[in-house]
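The values are calculated or read from the model by the stated rules, or taken from the named source; none is laboratory data. Being a predicted model, the structure only gives us computed values, none of them experimental. Cβ placement follows ideal geometry from the backbone for every residue including glycine, while neighbour counts extend to all protein chains displayed. When the accessible area is computed, the model is the full protein with side chains, heavy atoms only, and any ligands, DNA or RNA have been set aside. Shrake-Rupley method; radii C 1.70, N 1.55, O 1.52, S 1.80 Å.
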Amino acid sequence: MHSLIIFASGTGTNANAIIEHFKKNGKAKVSLIVSNKADAGVLDIARREEIPFLIIDKHTLKETLLIEQMKEYNPSLIVLAGFLWKVPETIINAFPACIINIHPALLPGYGGKGMYGHHVHDAVLAAKDKESGITIHYVNKAYDDGNIILQARCKVKQADNANQLATRIHKLEHFYYPRVIEFLLKG
């Protein structure tokens, strides 16, 4: 069975979708959750599902001890699911071509530092784009710059606000992210 490590900073809806997907098919399991926030909702999910978790700070993120702890779980993939910090090159180099991220817009547009959550949706709406979507991509040393694995699109309605658009984006995320992970594990 494949081992997954999830990095998340927020409520954990994508982490939950991934956990539930693999509980049903048994092809992988989330072995560890890493968060930079002690009050993140994703940690409630970790507790409920009895998944070990680590709470890190910016110093810990750059320590080799974190890499050593992660290697103990022998991850097939490291999955960023709403993790808001840049992953240091030491981790990227320790797990080459094994770290993926999901972004709530169609990259290369609306990516980079500070472009997450409602900030992305506000920018899409301000630009009066006709569509938005998600991008699942590999992580490299630059924000939202790694090779694209999959993009899925949805319409932006004229009357949309950021919350309405986010609802449609979340549906795409929860459907596609677990399936892309499963696809990558087969390769």
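Whole number in Å², please: accessible area per residue of segment 52-187, 1.4 Å probe, ligands, DNA and RNA not counted.
Normalised by residue count, the accessible surface of segment 52-187 is 55 Å².
Out of residues 5 or more away from residue 12 or on other chains, whose amide H comes under 5 Å of its own, with H placed 1.01 Å from N in the peptide plane?
Residues meeting the criterion, in which the H sits 1.01 Å from N, are 42.
Which whole-number percentage describes the relative contact order of the chain, with Cα contacts under 8 Å and a sequence gap of 6 or more?
Over the chain, the number comes to 21 percent.
Can you pull the one-decimal nm distance between simple spin-label points at residue 141 and residue 174, each 7 Å off the Cα toward Cβ?
So the label points at residue 141 and residue 174 sit 3.8 nm apart.
Given an 8 Å cut-off on Cα distances and at least 6 residues of separation, report the relative contact order of segment 41-137 as a percent.
It comes to 23 percent, rounded to a whole number.
Only helical DSSP H runs with n ≥ 4 go in: add -39500 (n - 2.57) per run for the chain, normalise by residue count and round the 222 nm mean residue ellipticity to 500 deg cm²/dmol.
-12000 deg cm²/dmol
According to a simple spin-label model (label point 7 Å from Cα along Cα-to-Cβ), what is the distance in nm between residue 11 and residue 155?
2.5
Report the extension gain between residue 20 and residue 182 in nm, rounded to one decimal, defined as 0.36 nm multiplied by the number of residues separating them, less their alpha carbon distance.
57.1 nm
Taking K and R as +1 and D and E as -1, what net charge do the other residues with C-beta under 13 Å from the C-beta of residue 42 add up to?
0
Quick test of the membrane-span-like rule: which DSSP H helices of the chain reach at least 24 Å along their long axis (C-alpha atoms) with mean Kyte hydropathy at least -1.0?
For the chain, where a helix must reach 24 Å along its axis and average at least -1.0, the hits are 162-186.
Pull up the cross-link candidates among the lysines for residue 24, meaning alpha carbon to alpha carbon under 24 Å and not fewer than 8 places away within one chain.
Here the lysines satisfying the reach criterion relative to residue 24 are 171, 186.
Give the separation of the Cα centroids, segment 1-26 to segment 82-103, in Å.
Centre-to-centre distance over Cα atoms comes out at 16 Å.
Suppose R0 equals 45 Å; then what is the FRET efficiency for residue 1 and residue 38 from their Cβ-Cβ distance, rounded to the nearest 0.05?
The calculated FRET efficiency here is 0.95.
Could you look at the chain and say what percent of its accessible area is carbon and sulfur, using a 1.4 Å probe and all protein chains?
The computed percentage sits at 52.
Given segment 3-78, what whole percent of its Cα pairs are spread farther than 21 Å?
Value for segment 3-78 (Cα pairs over 21 Å): 22 percent.
Provide 118, 137 ordered by accessible surface of protein heavy atoms (probe 1.4 Å), highest first.
118, 137
When the scattering of segment 61-159 is computed by the Debye formula from its Cα atoms alone, each counted once and equally, what is log10 I(q)/I(0) at q = 0.18, 0.24 Å⁻¹?
-0.82, -1.25
If we count every other residue with Cβ under 12 angstrom of residue 172's Cβ, Lys/Arg +1 and Asp/Glu -1, where does the sum land?
Summing Lys/Arg as +1 and Asp/Glu as -1 gives +3.
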